[in-house]
Structures are given as C-alpha cells and as structure tokens.
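**Student:** First, the structure itself, so that you have it in front of you.
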C-alpha cells in the first residue's frame, strides 16, 4: 500500500519549544488525519481535517490541510514531556477509499 | 462495542507454530485494516477490507499471512509457520466511509515468536 512522506523522521527538543512536522503526497487527498501513539498503545486521533486550507486546533496542537491537497502540517506549541510519542499522518483520497499512513515522526522532549 | 477490540493482547509462540489474531471493529464500521508495527517503527500496511469488495491484500509480506473477515464484521489475521521476524505489534483499525469519517485503532496484539 502507498505510504505518505512524513518528516522529520525523529525530533529531539527541549521542553517548551515548538514542534512542526509535515506530510506530503503525490496524490490529492480529501481527508487528512493526525494521530499520536504512546508506547505500548494504539494510535489515537488528534485532529481531523476535511477541507483544503482548513486550520484546526486541539489545545496546543494545530494542523493544517494544505491548499494543494497534497500536504498537511502539524504544529505543537510549548512542548511538554507527555508529548513524547510517535506522530502519524493519514490521508484519504475520497469517501470510501482506503486511508494511507505516513512513516511517522518520533518526538522526544527533553525536560 | 465502543471501540476496536483486539485479542489476544499478548501472544508468545514457538517458531513454526500458527497463530490467529482477532479484531472486532466498531459496530457498523464497514472498513477494516490490519497493520504491523515493529518496535519504534512506522505502520506497515497489511490488508484492507471494505464492505463486500475484494480486499486489498497488497501489503501481506508472504503467503504465510492471510486474513478473513466473516459477515462483514470480525476479522482474523492468521500467520502460519511463524518466524522470529514476525514478532511485532499487529494493529487493527476500522472506519465508516462517510464524509467526515475517521479511522479508529485497537490497542494491538503483541506477538513474540521464540
């Protein structure tokens, strides 16, 4: 199955810093999702985006649906230790189609 | 059920034995996915079921792997003649294809082949 290009692959940041990661595709998507996976658990949905240009926030997290429909961005402001985990993007071309996942960004927050 | 349920949560098996992993999706969800994830790594797509359509099996790594979805609900992933490299977390997810749909994951089945 297709995988989306997600970057960076890993990040090591100081507590309090802002974080930015992105996901790109060669295909146009109509839905973008962002997930976080804590160690030993399944991925949990953070933000869902359904419209090109859409900017959605969830607490300190903000995600954007790129206007080209081929990319999405996730920003985390003022990082804290519990932000540690693996972040995944997922895209879907259209209703009823399969979701494709990014390769993941591993985030480490240094207290 | 309220969420995607997977069983067993942990399985230790001897090399060469067969294993079955079960996924019970959210009620009414017609799409079901299986992924494999090695420690600290990304999600490796295995197979995708959507309603009555033929499943997308393009991610199955070998013919030792197979999956069924009976009655459009519960799915079983079977690994025959397990090898040590099969050790991983096997994640199941489901979704309902509608506008504004999202995909929900189970907690995973941790497989260790010794």
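The values are calculated or read from the model by the stated rules, or taken from the named source; none is laboratory data. Computed from a predicted model, the values in this text were never measured in an experiment. Glycine also receives a Cβ, built like all others from the backbone with ideal geometry; neighbour counts cover every protein chain displayed.
**Student:** Is one or more of the residues making up segment B:10-20 over 30 Å from residue A:29 (Cβ atoms), within 14 Å of chain A (Cβ to nearest Cβ) and in contact with a strand residue (DSSP E or B) (Cβ under 9 Å, 6 or more places away or on another chain)? Break it down into steps so the answer makes sense when it comes.
**Tutor:** Step one: of segment B:10-20, the residues over 30 Å from residue A:29 (Cβ atoms) are B:10-20.
If we keep only those that are within 14 Å of chain A (Cβ to nearest Cβ) too, we end up with B:10.
Then drop every residue that is not in contact with a strand residue (DSSP E or B) (Cβ under 9 Å, 6 or more places away or on another chain), which leaves B:10.
Yes, segment B:10-20 contains at least one residue that is over 30 Å from residue A:29 (Cβ atoms), within 14 Å of chain A (Cβ to nearest Cβ) and in contact with a strand residue (DSSP E or B) (Cβ under 9 Å, 6 or more places away or on another chain).
**Student:** If you check B:80, B:50, which single one turns out to be over 23 Å from residue A:41 (Cα atoms) and at pLDDT 95 or above? Give the derivation first.
**Tutor:** Numbers: B:50 fails: at pLDDT 95 or above.
Of the residues listed, the single one that is over 23 Å from residue A:41 (Cα atoms) and at pLDDT 95 or above is B:80.
**Student:** Next up: Going through segment A:52-86 one residue at a time, which ones are more than 23 Å from residue A:17 (Cβ to Cβ) and either in contact with a strand residue (DSSP E or B) (Cβ under 7 Å, 6 or more places away or on another chain) or surrounded by 15 or more Cβ atoms within 10 Å (Cβ to Cβ) (or both)? Step through it out loud before you land on a result.
**Tutor:** So the first thing to find is which residues in segment A:52-86 are more than 23 Å from residue A:17 (Cβ to Cβ), and the list is A:52-54, A:65-70.
Once the filter is applied, which keeps residues that are more than 23 Å from residue A:17 (Cβ to Cβ) and either in contact with a strand residue (DSSP E or B) (Cβ under 7 Å, 6 or more places away or on another chain) or surrounded by 15 or more Cβ atoms within 10 Å (Cβ to Cβ) (or both), segment A:52-86 yields A:52, A:53, A:54, A:65, A:66, A:69, A:70.
**Student:** Now, a different point. Residue check: is residue B:12 in a strand (DSSP E or B) and over 14 Å from the mean Cα position of the chain (by Cα)?
**Tutor:** Working: in a strand (DSSP E or B): yes; over 14 Å from the mean Cα position of the chain (by Cα): yes.
So residue B:12 fits the description; yes.
**Student:** Could you pull out the residue among B:55, B:61 that is more than 19 Å from residue B:25 (Cβ to Cβ) and within 14 Å of chain A (Cβ to nearest Cβ)? Quick ask: steps written out before the conclusion?
**Tutor:** Details: B:55 fails: more than 19 Å from residue B:25 (Cβ to Cβ).
Sole residue among the options that is more than 19 Å from residue B:25 (Cβ to Cβ) and within 14 Å of chain A (Cβ to nearest Cβ): B:61.
**Student:** Please find, among B:108, B:51, B:71, the residue that is surrounded by 14 or more Cβ atoms within 10 Å (Cβ to Cβ) and on the phi > 0 side of the Ramachandran plot.
**Tutor:** On the way: B:51 fails: surrounded by 14 or more Cβ atoms within 10 Å (Cβ to Cβ); B:71 fails: surrounded by 14 or more Cβ atoms within 10 Å (Cβ to Cβ).
Step by step, each of B:108, B:51, B:71 is checked, and only B:108 is surrounded by 14 or more Cβ atoms within 10 Å (Cβ to Cβ) and on the phi > 0 side of the Ramachandran plot.
**Student:** Could you pull out every one of the strands (runs of 3 or more DSSP E) wholly within segment A:5-111 that has 3 or more residues that are within 12 Å of chain B (Cβ to nearest Cβ)?
**Tutor:** Details: elements: A:5-7, A:10-14, A:19-24, A:31-37, A:44-49, A:55-58, A:61-65, A:71-76, A:85-92, A:99-101, A:105-110.
The strands (runs of 3 or more DSSP E) meeting that bar are A:31-37, A:44-49, A:85-92, A:99-101, A:105-110.
**Student:** Also: Taking residue B:90 as the residue in question, decide whether it is without any contact (Cβ under 8 Å) to a residue 40 or more places away in the chain and crowded, with 19+ Cβ neighbours inside 10 Å. Working first, answer last.
**Tutor:** Numbers: without any contact (Cβ under 8 Å) to a residue 40 or more places away in the chain: no; crowded, with 19+ Cβ neighbours inside 10 Å: yes.
So residue B:90 does not fit the description; no.
**Student:** What about residue B:41, is it surrounded by 14 or more Cβ atoms within 10 Å (Cβ to Cβ), facing another protein chain (nearest Cβ under 9 Å), closer than 30 Å to residue A:108 by Cα and more than 12 Å from the chain's Cα centre (by Cα)?
**Tutor:** Details: surrounded by 14 or more Cβ atoms within 10 Å (Cβ to Cβ): yes; facing another protein chain (nearest Cβ under 9 Å): yes; closer than 30 Å to residue A:108 by Cα: yes; more than 12 Å from the chain's Cα centre (by Cα): yes.
Yes: the conditions hold for residue B:41.
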